[in-house]
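For reference, the structure is listed below as structure tokens.
The values are calculated or read from the model by the stated rules, or taken from the named source; none is laboratory data. Just so we're clear, the structure is a prediction, and the values are computed from it rather than from any experiment. A quick note on method: Cβ atoms are made from the backbone with ideal geometry, for glycine too, and the neighbour counts reach across all protein chains shown.
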Amino acid sequence: MITTLAPIESASLSELALEAIRAAIVSGELPGGQPLRDHQLAESLGVSRTPVREALHRLQSEGLVEPRGRTGWAVSPFTERDVQEIFHLRRLFEGAGVDELSRSGTADQIESIAGFFSSFQHPISQARLTEYFQRDDEFHKSIAAASGNGRIMAFYAVISVHINRGRYVLSGARSDRLEATLDEHRRITNALLARDFAEARSALEDHLCTGEALMIAQLRQKHD
């Protein structure tokens with residue numbers, strides 16, 4: 001008898017189904033309003049309906065899907081109101097991180113955050129887009145985490161999936177936007193390295209406000 005192999009538990013299948021469906025929603029492969037049928041998802045994923053249903057319930061708690069009728073589901077829409085609320089929270093959470101860095105940030109901590117984009121140059125190659133999006137995500141999470149506030153970090157983790165959904169929406173905007181974000185990120189990191197925290201906060205605010213405005217414009221364009 002082979003003893004190095006363990007049975008695949010249903011919980012593991014549920015987690016895999018969750019990750020697959022979540023990724024499809026965040027990337028826009030499953031757009032807002034798309035009806036979801038558990039049997040179709042189960043067939044596509046090669047699993048039974050049970051882990052898919054478990055995944056859909058968890059995605060409902062994350063705000064990514066919503067019930068449709070008695071037994072159906074649909075992908076939750078991503079609206080202008082969602083964008084406004086997400087960026088409101090980001091300004092609060094990430095701003096708190098910069099403020100705490102100004103009070104007690106160590107050299108190692110600041111240099112670590114400031115080095116997130118050191119390997120990227122203009123133009124950002126298509127081959128590195130996924131890496132850049134990951135760096136973008138990690139960079140902003142690190143700023144929020146610098147607050148040292150456990151509740152801020154927990155709330156940021158909750159909204160991070162919606163932040164990434166917005167990044168994919170914005171990735172379809174004008175082609176020079178991606179390059180502009182690199183300059184905006186470097187403005188923030190250069191200010192942190194110079195210990196000019198007022199400028200770092202201002203640069204962060206400008207970056208988030210620009211992202212919010214462009215994301216709303218992109219949503220309106222898709223609905224026209």
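A few points about this structure:
- Residue pairs meeting the criteria (Cβ under 8 Å; at least 6 apart or on separate chains; first in contact (Cβ under 8 Å) with a residue 12 or more places away in the chain and under 17 Å from Ile163 (Cβ atoms), in the range 14-33; second assigned to a helix (DSSP H, G or I) and of a type in the set (Phe, Trp, Tyr)): Val26/Tyr168; Ser27/Tyr168; Gly28/Tyr168
- Selection count where residues are out of contact with any Gly (no Cβ under 8 Å at 6 or more places or on another chain) and more than 23 Å from Gly105 (Cβ to Cβ), scope the range 139-162: 3
- Positions within the range 114-138 being of a type in the set (Asp, Glu) and either buried (at least 17 other Cβ atoms within 10 Å of the Cβ) or at pLDDT 95 or above (or both), in sequence order: Asp136, Glu138
- One residue from Leu208, Leu192 being crowded, with 18+ Cβ neighbours inside 10 Å, under 23 Å from Arg81 (Cβ atoms), in the same structural domain as Ser112 (by TED's automatic domain parsing) and touching an Asp or Glu at 6+ places or on another chain (Cβ under 9 Å): Leu208
- Just one residue in the set Leu13, Leu36, Leu56 is surrounded by 13 or more Cβ atoms within 10 Å (Cβ to Cβ), over 29 Å from Leu204 (Cα atoms) and in contact with a helix residue (DSSP H, G or I) (Cβ under 6 Å, 6 or more places away or on another chain); that residue is Leu13.
- Residue tally, condition surrounded by fewer than 17 Cβ atoms within 10 Å (Cβ to Cβ) and under 21 Å from Leu214 (Cα atoms), over the range 139-155: 0
- Of all residues in the range 156-179 being over 25 Å from Leu64 (Cα atoms) and touching a helix residue (DSSP H, G or I) at 6+ places or on another chain (Cβ under 8 Å), the one that is surrounded by the fewest Cβ atoms within 10 Å (Cβ to Cβ): Arg177
- Any hit, the range 112-130, residues being more than 17 Å from the chain's Cα centre (by Cα) and more than 25 Å from Asp176 (Cα to Cα): yes
- Meets criteria (in contact with a Lys or Arg (Cβ under 9 Å, 6 or more places away or on another chain), modelled with pLDDT of 95 or more, surrounded by 13 or more Cβ atoms within 10 Å (Cβ to Cβ) and among the hydrophobic types (A, V, I, L, M, F, W, C)) for Ala96: no
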